[in-house]
Amino acid sequence: MGGIHLHRYLRAVGFSNIQKREEVEALARFACECYQTEETAVNAEGEDYSERRKEFAEHMGLLVRGTYDDNDKYWMDYCIPYFTGNVERLYEDLEIERHAEKESYSGLCDDINLGASLIFYLQNVTEYFNKKRYGRSEKNVARVALSGLSVEGKILFPVYQKMPVMSEIKASQERKKMLQAARDGDEDAIENLTLEDMDTYTMISKRIENEDILSIVMSHFMPCGVECDQYNVMGDILNVELRENNQTKEKIYVMTIEANGIILDVCINQQDLVGEPAVGRRFRGIIWLQGLVHFEEKW
């Protein structure tokens, strides 16, 4: 139990009352012993690696990772909160990288809407091990269900938007093509995007003198802090549900949001959300981005 510590995002799945190390260890032990599902695989060291899940509300709970020794005794490595989203997205050239600290992994993929790489915490490591062992492990195409756990967020009113005209839709499509060309090394595309960004910066600098920044910027999806898989997001709320942790009875909001063209589900403890969420309003907050990868057979 030496590696078990208080995880900041435990409260996102309904455990805001867990404050002490002993409470964390007791909760991790409970999840380890009363798990509902377990998946195993052989890791790079030849050990029997295990992922045990204990669900406390729909699609969310605790994920325990550990290994079995030669006597078939289970040794817990660490325990984290998890939340699985329902919205899948197809990504090309997906890469999986191991963290230096422990046996955990991140997914890395380029997102055309962001024009940058997206990094998420991989939920299903055992499935990755099995695909790597019995298939191929190079860059590949895969469907990813992205989800965000949040411990601080606000609800904002929507910004009035006129219906996009055909020219705006076409301009958006052209920008995506230009981003793809820039990624492929097209110097003209890189120059055009740079000039476009400079024009946008000039426009915002002028408008911000008389307008609030939140009325100018309608959505964003930006890296936040030193952790690669944490993001500051703001986006339109497409759906809202209220779920309950069956042990603590704490209420958790689950919102489907669209931020910078990326659609994902976000969970946040009712206590940590300022404002009343509703479809059409906007959510703004810090999220820990997780992803469940549906590996294809060709992996």
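The values are calculated or read from the model by the stated rules, or taken from the named source; none is laboratory data. Predicted model, so just to flag it, every value in this text is computed and none were measured. Every residue, glycine among them, receives a Cβ derived from its backbone with ideal geometry; neighbour counts consider all protein chains shown.
I'd like to check something: does the stretch 35-44 contain any residue that is within 23 Å of Ile252 (Cβ to Cβ), modelled with pLDDT of 95 or more, among the hydroxyl-bearing types (Ser, Thr, Tyr) and in contact with a helix residue (DSSP H, G or I) (Cβ under 7 Å, 6 or more places away or on another chain)?
Checked against the condition, which is being within 23 Å of Ile252 (Cβ to Cβ), modelled with pLDDT of 95 or more, among the hydroxyl-bearing types (Ser, Thr, Tyr) and in contact with a helix residue (DSSP H, G or I) (Cβ under 7 Å, 6 or more places away or on another chain), the stretch 35-44 yields no hits at all.
Inside the stretch 241-299, can you point out the residues that are of a type in the set (Ser, Thr, Tyr) and free of Cβ contacts under 8 Å to residues at least 40 places away in the same chain?
Once the filter is applied, which keeps residues that are of a type in the set (Ser, Thr, Tyr) and free of Cβ contacts under 8 Å to residues at least 40 places away in the same chain, the stretch 241-299 yields only Tyr253.
Taking the options Gln247, Gln290, Gln230, name whichever one is under 22 Å from Gly61 (Cα atoms) and touching a Cys at 6+ places or on another chain (Cβ under 6 Å).
The conditions single out Gln230.
Taking the stretch 106-124 as the region of interest, how many residues are among the polar types (S, T, N, Q) and within 12 Å of the chain's Cα centre (by Cα)?
Just the residues of the stretch 106-124 that are among the polar types (S, T, N, Q), to begin with: 106, 113, 117, 123-124.
Filter again for within 12 Å of the chain's Cα centre (by Cα), leaving 106, 123.
Selection size over the stretch 106-124: 2.
Yes/no per residue for (1) surrounded by fewer than 16 Cβ atoms within 10 Å (Cβ to Cβ); (2) free of Cβ contacts under 8 Å to residues at least 24 places away in the same chain; (3) not in a helix (DSSP H, G or I):
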| residue | (1), (2), (3) |
| --- | --- |
| Asn71 | yes, yes, yes |
| Met76 | no, no, yes |
| Ala100 | yes, yes, yes |
| Ser106 | no, no, yes |
| Lys131 | no, no, no |
| Arg143 | yes, no, yes |
| Leu146 | no, no, yes |
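Just to be sure before I move on: is Glu92 part of a strand (DSSP E or B) and free of Cβ contacts under 8 Å to residues at least 24 places away in the same chain in the structure I sent?
Criteria not met by Glu92.
Examine the stretch 265-288 for a residue that is of a type in the set (Val, Ile, Thr), part of a loop (DSSP other than H, G, I, E, B), surrounded by 14 or more Cβ atoms within 10 Å (Cβ to Cβ) and more than 18 Å from the chain's Cα centre (by Cα), and state whether such a residue exists.
no
Can you give me the number of residues within the stretch 8-27 that are farther than 18 Å from Lys249 by Cα and in contact (Cβ under 8 Å) with a residue 24 or more places away in the chain?
So the count comes out to 2.
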